[in-house]
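Read through the structure below, which is laid out as structure tokens, and then see the notes.
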Number of protein chains: 2
Amino acid sequence: MVSMRTRSVFCAVLLLFAVSRDSLAQTDPLPSWNDTAPKQTILKFVAETTKEGSPSFVPPAERIATFDNDGTLWAEQPLYFQFLFGIDRIKALAPKHPDWKTTEPYKSVLEGHPEKALAQGDRAVLSIMMVSHAGMTTAEFDTTVRDWLETAKHPRFHRPFTDLAYQPMIELLAYMRANGFKTFIVSGGGVEFMRAFADKVYGIPPEQVVGSAGETKYEMRPDGPVLLKLPKVAFIDDGPGKAEGIQRMIGRRPVFAFGNSDGDKQMLEWTAAGSGARFMGLVHHTDAEREWAYDRKSSVGRLDKAWDEAVQRGWIVVDMKKDWNKVFAFEK
Amino acid sequence: MVSMRTRSVFCAVLLLFAVSRDSLAQTDPLPSWNDTAPKQTILKFVAETTKEGSPSFVPPAERIATFDNDGTLWAEQPLYFQFLFGIDRIKALAPKHPDWKTTEPYKSVLEGHPEKALAQGDRAVLSIMMVSHAGMTTAEFDTTVRDWLETAKHPRFHRPFTDLAYQPMIELLAYMRANGFKTFIVSGGGVEFMRAFADKVYGIPPEQVVGSAGETKYEMRPDGPVLLKLPKVAFIDDGPGKAEGIQRMIGRRPVFAFGNSDGDKQMLEWTAAGSGARFMGLVHHTDAEREWAYDRKSSVGRLDKAWDEAVQRGWIVVDMKKDWNKVFAFEK
């Protein structure tokens, strides 16, 4: 009599064989990427780091891949989407704050000139972000962001902002995960803002989103505890803050990192400084027709010093126009 | 002809059946727990939350389980182990700081009276922790902690501190993970201190450790970037800070939480406030013989207000003496 155990081992072997045949026959995992250097480098990196016995093999637990969000996973023009959310919140809250009509930077925002508010500098931007992101519970904020994402439209494409996620990067995230990589967002964006869509749009769960954060205050209310969002910055996850955020929240050095701007320089350097196989990539916005073209002089997502370093050190620079055959899923 | 796919589906069904028979026949997942209320409640909670179609079913992605560390996963007497590490560091660093011989709180530590240093209050404790935990890179600190854990011995048990992890909790962590729960540490301890052993001792990877943290500074040195640990607190993950830390680092409300002291009160309240099935547990130290007996009056791991709340709200309180048949793996 063949025991249950023997039968199950036999079947497991057959099953593995079937699965392995299926993988061999699988279609291109990165169909929106042209067959140029970036795609080839990614495929080679993943093949080598996941092959047991390869000198570049990375054990599954150490397969940490980090991605910037704005300009890397979704668009960031004409202004960071979270700032556009902040502006919409200022408009929505204005009736309760009559003084804003005459007080900068709110005045400019309410008069339809957010760029004038921006031009007033970091302090003005911070005021807008604080007022629009604090003074409510974390649960209320989450609902507000989700509502906005469902209703607000991008000014150029007239579509929900989440439609402006890059199709090639969505494919890349799925491909990395299929190969045992744990994908994280490491972004200057607000951690709670990003969590409202990261799971649905990118397949990245809340606990794998690292971002800037404000202070919160625990309050016991009659119907239970809440966390109140305070108008105080706790952590800025940008520039050197990205290496610090990776260390504090993830506690492991990534082996794979993708960014698009000078704010990602230190994340890429930190990734590059580990031993063994490494992948460092930058998205270069070169496609004014399908997306936008900007780099060294841009006030949003400036790519200058990180670009020089990438060229000098042989990091991958994706030329959006050349290397991606599709930018957004909605393109024909 | 039977296709490969049909055969593999057939085998998968057989295999599932075999696996399911194996699970039925499996041995007790919590052998160090007596068959009393806490164990029964845990088994029932896991059975109900993982059974599809059950009204208490929790989807795998939402199976977040958080555990305090000191006094919950490992011992915390006669003093928090990380404080004992700090004291050893003060002694090791003393030759470079001759002034410490005459300066409190270092003087008391160097004279072999850490309890006198402690009695000087929070400021003194903070000084000891800052001096012993800053002024080096994160990589150097990690090496220092690992070296200490390999060589230092617990004053009562004369064994490495990691031997003082609770065997019942190690079993519980493994059991939760085997049922699709993602296990996190959420502790007042330093995040980088805990990461040096959490993976090996508890099976909890670095990215699932939430703890108190100091500021770091990114520095580019000739041989690459480092993160320098600064003598400045960035975040205290204790009391209300535990709910805040869970929100900021995990971004989901746990469905299962275990603590042992008043510092865990808000974590348990935050967990309890979610909808659907919940488990809130406290370890009560009642076993002076095998471990320690302390609660309302203890300066380390005081259990007072959280205990009252647990009794009032029907949370599980583990009576170490009654409910655990083994505390440490090394017991005969």
From A:55, A:95, A:38, A:29, grab the single residue that is modelled with pLDDT of 95 or more, away from chain B (no Cβ under 14 Å) and more than 30 Å from residue A:275 (Cα to Cα).
A:95
Mind checking whether some residue in region A:87-96 is charged (D, E, K, R), under 23 Å from the mean Cα position of the chain (by Cα) and outside the structural domain of residue A:282 (by TED's automatic domain parsing)?
yes
Identify, from the list A:290, A:302, A:296, A:253, the residue that is away from chain B (no Cβ under 14 Å), in contact with a Ser or Thr (Cβ under 9 Å, 6 or more places away or on another chain) and either outside any strand (DSSP E or B) or surrounded by fewer than 19 Cβ atoms within 10 Å (Cβ to Cβ) (or both).
A:302
Take residue B:268 and tell me if it is more than 8 Å from chain A (Cβ to nearest Cβ), more than 12 Å from the chain's Cα centre (by Cα) and crowded, with 24+ Cβ neighbours inside 10 Å.
yes
With respect to the numbered conditions (1) at negative phi; (2) in contact (Cβ under 8 Å) with a residue 40 or more places away in the chain; (3) more than 14 Å from the chain's Cα centre (by Cα), which one is the sole condition not fulfilled by residue A:180?
(1)
Would you mind stating whether residue B:164 is within 14 Å of the chain's Cα centre (by Cα), touching a residue at least 24 places away in the same chain (Cβ under 8 Å) and surrounded by 15 or more Cβ atoms within 10 Å (Cβ to Cβ)?
yes
When you scan region A:142-154, do you find a residue that is modelled with pLDDT under 95 and within 14 Å of residue A:86 (Cα to Cα), even just one?
no
Just wondering, is there one or more residues in region B:305-324 that are of a type outside the set (D, E, K, R), assigned to a strand (DSSP E or B) and crowded, with 22+ Cβ neighbours inside 10 Å?
yes
Which residues, counting only those in region B:216-248, are part of a strand (DSSP E or B) and either at the interface with chain A (Cβ under 8 Å from one of its Cβ atoms) or more than 18 Å from residue B:141 (Cα to Cα) (or both)?
B:216, B:217, B:218, B:220, B:224, B:225, B:227, B:234, B:235
Residues that are closer than 18 Å to residue B:279 by Cβ and among the hydrophobic types (A, V, I, L, M, F, W, C): does region B:208-223 have at least one?
no
Top-ranked residue of region B:172-196 - restricted to ones that are within 11 Å of chain A (Cβ to nearest Cβ) and out of contact with any Ser or Thr (no Cβ under 8 Å at 6 or more places or on another chain), ranked as surrounded by the fewest Cβ atoms within 10 Å (Cβ to Cβ):
B:182
Which ones in region A:184-215 are within 19 Å of residue B:241 (Cα to Cα) and assigned to a helix (DSSP H, G or I)?
A:191, A:192, A:206, A:207
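Please go through region A:197-215 and pick out each residue that is among the hydrophobic types (A, V, I, L, M, F, W, C), surrounded by fewer than 24 Cβ atoms within 10 Å (Cβ to Cβ) and within 11 Å of another protein chain (Cβ to nearest Cβ).
Result: A:204, A:213.
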Residue A:292 fails exactly one of (1) in contact with a His (Cβ under 6 Å, 6 or more places away or on another chain); (2) on the phi > 0 side of the Ramachandran plot, namely (2)
Within region B:187-204, is there a residue that is closer than 30 Å to residue B:57 by Cβ and of a type in the set (A, V, I, L, M, F, W, C)?
yes
Looking at (1) in a helix (DSSP H, G or I); (2) in contact (Cβ under 8 Å) with a residue 12 or more places away in the chain; (3) out of contact with any helix residue (DSSP H, G or I) (no Cβ under 7 Å at 6 or more places or on another chain), which is the one condition that is false for residue A:155?
(1)
With out of contact with any Pro (no Cβ under 7 Å at 6 or more places or on another chain), under 27 Å from residue A:199 (Cα atoms) and not hydroxyl-bearing (Ser, Thr, Tyr) as the only criterion, which of A:65, A:47, A:37 stands out?
A:47
Looking at (1) within 30 Å of residue A:107 (Cα to Cα); (2) touching a residue at least 60 places away in the same chain (Cβ under 8 Å), find the lone condition where residue A:124 falls short.
(2)
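Within region A:218-233, restricting attention to residues that are hydrophobic (A, V, I, L, M, F, W, C) and at pLDDT 95 or above, which residue is surrounded by the fewest Cβ atoms within 10 Å (Cβ to Cβ)?
Out of the qualifying residues, it is A:220.
Would you mind stating whether residue B:131 is buried (at least 18 other Cβ atoms within 10 Å of the Cβ), over 27 Å from residue B:288 (Cβ atoms) and more than 21 Å from the chain's Cα centre (by Cα)?
Taking the combined requirement at face value, the residue satisfies it.
Is it the case that some residue within region B:50-60 is touching a strand residue (DSSP E or B) at 6+ places or on another chain (Cβ under 8 Å) and either in contact (Cβ under 8 Å) with a residue 60 or more places away in the chain or among the aliphatic types (A, V, I, L, M) (or both)?
For region B:50-60, residues touching a strand residue (DSSP E or B) at 6+ places or on another chain (Cβ under 8 Å) and either in contact (Cβ under 8 Å) with a residue 60 or more places away in the chain or among the aliphatic types (A, V, I, L, M) (or both): absent.
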Is it the case that residue B:41 is surrounded by fewer than 22 Cβ atoms within 10 Å (Cβ to Cβ) and among the hydroxyl-bearing types (Ser, Thr, Tyr)?
yes
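The values are calculated or read from the model by the stated rules, or taken from the named source; none is laboratory data. Since we're looking at a predicted model, the values are computed, not measured. All Cβ positions, glycine included, derive from the backbone under ideal geometry; neighbour counts span all protein chains shown.
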